[in-house]
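Taken together, the values in this text are just the output of simple stated rules run on the coordinates, not laboratory data. Being a predicted model, the structure only gives us computed values, none of them experimental. Cβ sites come from the backbone with ideal geometry, for glycine too, and all protein chains shown count toward neighbours.
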């Protein structure tokens, strides 16, 4: 009986001492500044799940870039966090946070909010975000991109701060050079504009379409092939059908300017044969002419579909 009484007294003593120590611990340990530093430490470790526990924020529109994997693959993460509690007003506080990122010291002023107490005793503080920091990905020709090597949808992508992010895309027909950007505060929303560059697969696909287009033109039996950018003009009367043949195929190349893709201008040579009646003498003759023109055109990639619109640059000449 005496042993049980002693254990009860000891337990009560621990409880009393713990309760008495709560105000001191809340003042010195469980502070807004310490919570901000703990958040940065979680980001530094690439621990997104732990970082979430120090955030008070709305539900993100996408979680694709809010993972441990994306965070751990960042080109650079924050180090050496130091925070100072500037003011406390009820359940809100102001904190000035500093840290190193990309070899530069960064400073952010944060609003902290008090969450329900841990174990009903100890203060819990979190960074209050009205909106998620985002990367706005402006990508022409692709609905997807990569953030730190992981696939995301283009548009507005929620991310964690502070961190460096490497953004790019590498699709079947288009790719881009990766761009590095930093998100350093809760309200950051940098725009990353990626210009498309053609892949070898796109050049192959365009070459196939150009070849098919020209071969279709060669099937024509008139001087002005329908839907084609070349023809043969004469005042004489053509007798019967004419025949076309491709003498020199274009060299296929693609150039990009912003979001526009263009076929690199290249010379094409074709031959047309037939028979005509002279408009003056009425005499009939065979003709055989080699023609040359410069082929250009625009290339559009949309929803993984490639379309080529031919365009002639300059006049058709006799080669």
> How big is the antiparallel share of DSSP beta bridges in the chain, given as a percent to the nearest 5?
Replying inline: 95
>> Could you give me D for the range 134-195, from Stokes-Einstein at 20 °C and 1.002 mPa s, where the hydrodynamic radius is the Kirkwood radius over C-alpha pairs? Units µm² s⁻¹, please.
In response: 187
> Any idea what angle helix 200-218 forms with the longest principal axis of the chain, computed on alpha-carbon atoms, 0 to 90 degrees, nearest 10?
Replying inline: 20
> Going by alpha carbons, how many degrees (0 to 90, nearest 10) lie between the helix axis of 2-28 and the longest principal axis of the chain?
Replying inline: 50
> Quick one: Cα centre-to-centre distance for the range 65-137 and the range 237-271, in angstrom?
Replying inline: 59
>> Going by average Cβ density within 10 Å per residue, which order do the peptides 279-290, 201-212, 228-239 take, highest to lowest?
In response: 201-212, 228-239, 279-290
>> Relative contact order of the range 134-195, please, whole-number percent, based on alpha carbon pairs below 8 angstrom and at least 6 residues apart.
In response: 39
> Only one of the listed values, (1) 16.5; (2) 14.7; (3) 25.4, was derived from the coordinates as mean projected area of the Cα convex hull in nm²; which label is it?
Replying inline: (3)
>> Relative contact order for the chain: what percent, with Cα pairs under 8 Å and sequence separation of 6 or more?
In response: 11
> So what is the relative contact order of the range 200-318, in percent, for Cα pairs below 8 Å that sit 6 or more residues apart?
Replying inline: 23
